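To start, the structure itself, in C-alpha cells.
What follows is calculated from the coordinates using simple rules that are stated; it is not laboratory data. Given the structure is predicted, the values throughout are model-derived calculations rather than measurements. We place every Cβ from the backbone using ideal geometry, glycine too, and count neighbours over all the protein chains shown.
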Amino acid sequence: MQATRRLGKDKVELKLIRQEKKDAEKVHQEKQILEENTMERIMEIEQMLVNTNSMSETIINSLLNTLEMDNVGLKKDMEIQQQEKANKVVDQFKVLMKQEEWVKQRLLQQAESMKEERELLRVQGKVQRDNFRERIERNMQKYKEEILNCESEISQLRFQSER
C-alpha cells in the first residue's frame, strides 16, 4: 500500500520533471528563434541604412547635376544677352554675376543641408541599431537567467527525487 502511494507520488514528480524539461526545451527553442529573428532584423536595418545612404547620394548627385545644368543655362543666357545688348554689357554682367553667386551659394547651402541630413540619418540609424542590440542583449541575458533557473530547479528536483 505504501509502495503504491510512493509509486503514485513518484509518478507525479516524474510528470512534473518531464513538464519542466519540456518547458526548458521550449524556452531554449524560443530563445533560438528570437536570436534568429533578431539577427534577421539587424541585417534588414543595416540593409535599409545602406539603401538610405545610396538613395541620399543619388539624390544629391542628381540635384547637383540639375543645378549645374541650370547654371550652364544661366551662363548661356548671359552670353546671348551680352550679344543682343552690347551697350549694357557692364550692367548685365554685374547682374548675372550676382545671380551666379546666388545660385552657387544656394547650391552650397543645399549640398551642406543634404550632407547634414545624411549625417543625421546615419547617426539615427546607428542609435537605432545600438538600441536594438542593447534590447537584444538584455533579452538574451534574461533568457539565459531563466534557463539557468530552470536548470537549477531541475537539478534540485532530480536531487530530491534521488533521495
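Structure notes:
- Computed on the Cα atoms alone, the convex hull of the range 27-109 gives a volume of 60 cubic angstrom per residue.
- Count Lys and Arg as plus one, Asp and Glu as minus one, and take only other residues whose Cβ is under 14 Å from that of C150; the net charge is then 0.
- Interatomic Cα distance distribution for the chain, bins of 10 angstrom, percent: 8, 19, 15, 12, 11, 9, 8, 6, 5, 4, 2, 1, 0
- Cα-based helix-to-principal-axis angle, 89-162 vs the chain, degrees rounded to 10: 0
- Of all lysines in the structure, the ones whose alpha carbon falls short of 17 Å from that of K115, not counting any fewer than 8 places away in one chain, are K104, K126.
- Theoretical ellipticity at 222 nm over the chain - DSSP helices of four or more residues, -39500 (n - 2.57) apiece, nearest 500: -37000 deg cm²/dmol
- Nearest-0.05 FRET efficiency for E68 and Q47, computed from C-beta distance (R0 35 Å): 0.65
- Segment K144-M1, length gained on full extension (0.36 nm per residue, minus Cα span): 47.1 nm
- C-alpha long axis of helix 2-84 to longest principal axis of the chain, angle in °: 0
- Radius 14 Å from Cβ of R138, net charge of other residues (Lys, Arg +1; Asp, Glu -1): -1
- Inter-label distance, nm, simple model (7 Å from Cα along the C-beta direction), Q83/E36: 7.1
- Label point distance in nm, V12-N131, each placed 7 Å from Cα along Cα→Cβ: 5.0
- Charge tally for L14 (other residues, Cβ to Cβ under 13 Å; Lys, Arg +1; Asp, Glu -1): +4.
- FRET E, pair V95, T58, Förster distance 25 Å, beta-carbon r, rounded to 0.05: 0.15
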